[in-house]
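The values are calculated or read from the model by the stated rules, or taken from the named source; none is laboratory data. All of these numbers come straight from a predicted model, not from anything done at the bench. In this analysis, Cβ positions are derived from the backbone assuming ideal geometry, glycine residues included, and neighbour counts consider all displayed protein chains.
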Amino acid sequence: MEKISNRIYSVGVNDQDKVLFEGLWPIPYGVSYNSYLVVDEKVALIDTVECGFEEEYLANIEEVLGGRKIDYLVVNHMEPDHSSLVSYMLENHPELVIVANAKTVPMLKGYHGTPEDKIKVMADGESLSLGSCTLNFHMVPMVHWPETMVTWMPEEGTLFSADAFGTFGAVGDGIVDSEGTFEEYRDEMIRYYSNIVGKYGAPVQQALKKLGGLDIKRVCSTHGPVWETNIPQVVALYDKLSRYEVDRGVCIVYGSMYGNTAAAADALAMELESRGIPYAIHDLAGNNAGELGVSGAIRDAFKYDTIVVGSPTYNNGIFPPVETFMRALKARQVKGRRFYAFGSYTWAGASVKQLNALATEMGFEVLGDGMSFAQAYTREKCDIAAVADLL
Ligand code: FEO
């Protein structure tokens, strides 16, 4: 529990045990499920946390309320990392009324069997007075689900932003940011955005425009720090990512069966290093694959203007882990990238052509035919300097 202001308390939890967020994305630095209490003449709880933290969560709330009842549970977002404990909270605080929008109602019924008379339905823009302060609800569909809304508290310039402006990474002793917090979380914020919300660039842009007129002094997201000091940096990063804007640099992503495609990838990385071109390199397969796997590769594809993909030919096609990466880019509607493909084959080369075809489908600028080489990687077969010249 942490006091954020005279009316707002953080009562969420850190998850340091989960290995894969959404069953898919590695979280080596953990994740926080943030929940907030607003204590006024009425008491509102904003979002809950993932299941498995029932006792800790209830104790956090009790530490603030000391037996006082909760009047409202505001459900900004129904993904179960925030809504798992809705039924549990109703059991423990049967007097509370759930505050949600119309799109949330069937999800509450479907996940929790919540009776309609326990739900107060709010329209887009509608307000709820807690006494000396007000909660004002704004729909932000597809940031990250269609029912998602944010809650604005004008008296403290506070935006309870659901997943928006969230990040992977557990929070330390103090949830409120300070100078340097943004840089500390920057990479994990990009990974969170690109992995989880990355498909929804256009809705994020619409939400940023819709909320642009608010004088925001504090952002209380459902994941990561409470932003006060770093709001311009955080908003600018979300704006940049949702526009699919990038920095100059090369994201090398590859998979390798017997080390030949990997050798070409390493040689290219060394060449870029010698030329002072920023790059990242991700091995998606085998014992040397990075702990972030495709999650880290997607992050860096959102960072850099050039994507270089290496795949051996496998079953007359693209090596499956590499194909998964390409499909992930397509699903996220990544656009405006330069693209180059390479890879080894033994008797018939197919992967490079197929990678280029996928890249063309995505509207990438394909930089030449790529480098498809037979059997072992050698410097004679693979003119790495010529490839680097293209990039
Ligand atoms: Fe953190 Fe979309 O849930």
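So, PHE137, is that one at pLDDT 95 or above and either within 25 Å of LYS120 (Cβ to Cβ) or surrounded by 24 or more Cβ atoms within 10 Å (Cβ to Cβ) (or both) or not?
yes
Output the residues belonging to region 337-359 that are hydroxyl-bearing (Ser, Thr, Tyr) and touching a strand residue (DSSP E or B) at 6+ places or on another chain (Cβ under 6 Å).
Residues satisfying the conditions are TYR340, SER344, TYR345, SER351.
Can you give me the number of residues within region 252-264 that are among the aliphatic types (A, V, I, L, M) and either within 26 Å of HIS82 (Cα to Cα) or part of a strand (DSSP E or B) (or both)?
Going through region 252-264 one residue at a time, the tally reaches 2.
For residues that are more than 16 Å from the ligand (Cβ to nearest atom) and not in a helix (DSSP H, G or I), scanning just region 80-97, find the one that is nearest to LYS120 (Cα to Cα).
VAL97
Given GLY66, GLY131, GLY52, GLY125, which one is surrounded by fewer than 16 Cβ atoms within 10 Å (Cβ to Cβ), at positive phi and in contact with a strand residue (DSSP E or B) (Cβ under 7 Å, 6 or more places away or on another chain)?
So the residue among GLY66, GLY131, GLY52, GLY125 that is surrounded by fewer than 16 Cβ atoms within 10 Å (Cβ to Cβ), at positive phi and in contact with a strand residue (DSSP E or B) (Cβ under 7 Å, 6 or more places away or on another chain) is GLY125.
Residues in region 175-202 that are within 14 Å of the ligand (Cβ to nearest atom) and either farther than 19 Å from ASP81 by Cβ or in contact with a strand residue (DSSP E or B) (Cβ under 6 Å, 6 or more places away or on another chain) (or both): how many?
1
If I ask for residues that are among the polar types (S, T, N, Q) and surrounded by fewer than 19 Cβ atoms within 10 Å (Cβ to Cβ), which ones from region 209-255 would you list?
Correct list: THR229, GLN233.
Name the single residue that is farthest from HIS138 (Cα to Cα) among those in region 72-85 being without any contact (Cβ under 8 Å) to a residue 40 or more places away in the chain and surrounded by fewer than 23 Cβ atoms within 10 Å (Cβ to Cβ).
Top of the filtered list is SER84.
Restricting attention to region 100-117, does a residue exist that is surrounded by 15 or more Cβ atoms within 10 Å (Cβ to Cβ), of a type in the set (A, V, I, L, M, F, W, C) and assigned to a loop (DSSP other than H, G, I, E, B)?
Taking every residue of region 100-117 in turn, none turns out to be surrounded by 15 or more Cβ atoms within 10 Å (Cβ to Cβ), of a type in the set (A, V, I, L, M, F, W, C) and assigned to a loop (DSSP other than H, G, I, E, B).
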